[in-house]
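A short worksheet on the structure shown next.
The values are calculated or read from the model by the stated rules, or taken from the named source; none is laboratory data. Everything numeric in this text was worked out from a predicted model, so none of it was measured. Here the Cβ positions follow ideal geometry from the backbone for every residue, glycine too, while neighbour counts run over all protein chains shown. Heavy atoms of the whole protein, side chains included, go into the accessibility calculation; ligands, DNA and RNA do not. Shrake-Rupley method; radii C 1.70, N 1.55, O 1.52, S 1.80 Å.
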Amino acid sequence: MIAELYNLFLMDTSYPMFPKRRDSKPVPRSPRDRGPAHFFHGRKEIIDDFSIILDDAKVLKDGITFLIQGAPGVGKTALIDVLAKQARENGWKAVDIFPNALWNPVELIGRLNLKKILPKISGASAEVSVGDAASATISIDFDHPAETILKILSAQKKPLLLILDEAQSLGKPKIVPDEMKGITASVLKQIHNGDLGKSVMFIAGGLGTTEHTLNTFSVSLFEGDCRVYLGRLSPASERAVIKDWLTHVTGGNPATPTWIDAIAERTHGWPQHIMSYVKPAVKYLRANNRDMTDASLETVLARGDQLRLKYYDGRAHDIDERGRIALAQSVLDVSIDSTTTQEAVIASLQKSGFSKKESKDLFECALDQGILDKCGHGRYGIPIPSMHKWLKDNYGNDRGKADCRFSMER
């Protein structure tokens, strides 16, 4: 029976094995829409707070959860990459994990890159040789996986930073099997409360629903500096990022202020939007000997506008036209700088002909896709000004002739 349980853990293929480390990278050949930032500016206060938390946890041999929330495209993954690099430079072992590492000891061993895994199954346990840990072997008790996972975490020589991006996925159906929820809650709670007697920190990055998800796993009462809601970049940081792309990637003289300012007017401090515009800009400047005329700028801006709209349409890919129209109707009276409540949105969706369950599902889908964002205190809004305009301009007028049904792939 024990051998069967071990093999079950070993065959858990819910997530790809051994993710790539978050290391510094050379200047890239082309921009990316998501992931670590090749040119990072801003977020200084958050980085400074994290540095202090790292030092305190290392000295006190403490544990804690560092929560980073924000809408899609706001730069959560890029910030996490910077924090992970900072941790490594300060003597920490920083490791990316997927959710199943929180309940599957074999998966966790793989994430920690403990390469010498020699299972010796005997009775109710298996011993593994882990050369990178403080003890030579760790006994895996398959009847008590939470205790085994905590034992593995406590055995690490270096202070350990576990990183789970898109942590809101813990709350999605079938991500955490029912029989593993108690194990996951036990592991997260003991890390969060610093109960391991070792320096073990957990970074959870995700959408605005992430804190609520962690609350369901007994993780709550975050310290003030450990709870971050990421907003847009400051104008200075935004322009610095744009300048770096237009200058360093194209290998020429510094970009003209006209180009930098024109792109910044379209990006609203949103890192994802910066990529939408610098991608065609870099391509054009490389192909045309860095021709920075007004005419070439208009060409670049037009292409950037197209990519930005494609991004919005992609965010709503699980919602058909009828659903988009209903969502637009629900926020017609919500201005760019204001918010609304879940109850108000669902009531509006029901007026559009959706059942109560359909309305709730549509609301949750809009949250999952980042069309709506939780802003705290039970309030919700559309996170990006140009996304707000896109939804209202394209779907804000009542199209009664639309007969397509609401559909989602969940």
Packing-based ranking, highest mean first, of 147-156, 304-313 given that Cβ atoms within 10 Å are counted: 147-156, 304-313
Which three extents, in angstrom, do the Cα atoms of the range 158-305 have along their principal axes, listed largest first? 61, 33, 25
For the range 215-259, compute the orientation-averaged projected area of the C-alpha convex hull (one quarter of its surface), in nm². 5.5 nm²
Mean 1/r over distinct Cα pairs of the range 284-324, inverted to a Kirkwood Rh in Å, yields 12.2 Å
For E364 and K157, what is the calculated FRET efficiency with R₀ set at 41 Å and r taken between the beta-carbons, to the nearest 0.05? 0.45
Remind me, what semi-axes does the range 270-375 give for its equivalent ellipsoid, largest first in whole Å, using sqrt of 5 times each Cα gyration tensor eigenvalue? 37, 13, 11
Evaluate E = 1/(1 + (r/R0)^6) for S51 and A347, where r is the Cβ-Cβ distance and R0 equals 51 Å; express this FRET efficiency to the nearest 0.05. 0.65
Among the listed pairs K189/K360; K61/K85; K181/K310; K85/K198, give every one whose C-alpha distance is greater than 27 Å. K189/K360; K181/K310
Förster radius 25 Å - calculated FRET efficiency between K181 and K44 (Cβ-Cβ, nearest 0.05): 0.10
Protection proxy (average C-beta count within 10 Å per residue), highest first, orders 207-220, 280-293 as 207-220, 280-293
Residues other than G91 with Cβ under 12 Å of its Cβ, Lys/Arg counted +1 and Asp/Glu -1, net out at +3
I'd like the carbon and sulfur percentage of the solvent accessible area for the range 195-248, probe radius 1.4 Å, heavy atoms only, ligands and nucleic acids excluded. 50 percent
Sort all Cα-Cα distances of the range 60-103 into consecutive 10 angstrom bins from zero, then give the percent of pairs in each bin up to the one containing the longest distance. 20, 49, 29, 1
If you roll a 1.4 Å probe over the heavy atoms of the protein chains, what accessible area per residue do you get for the range 168-313, in Å²? 45 Å²
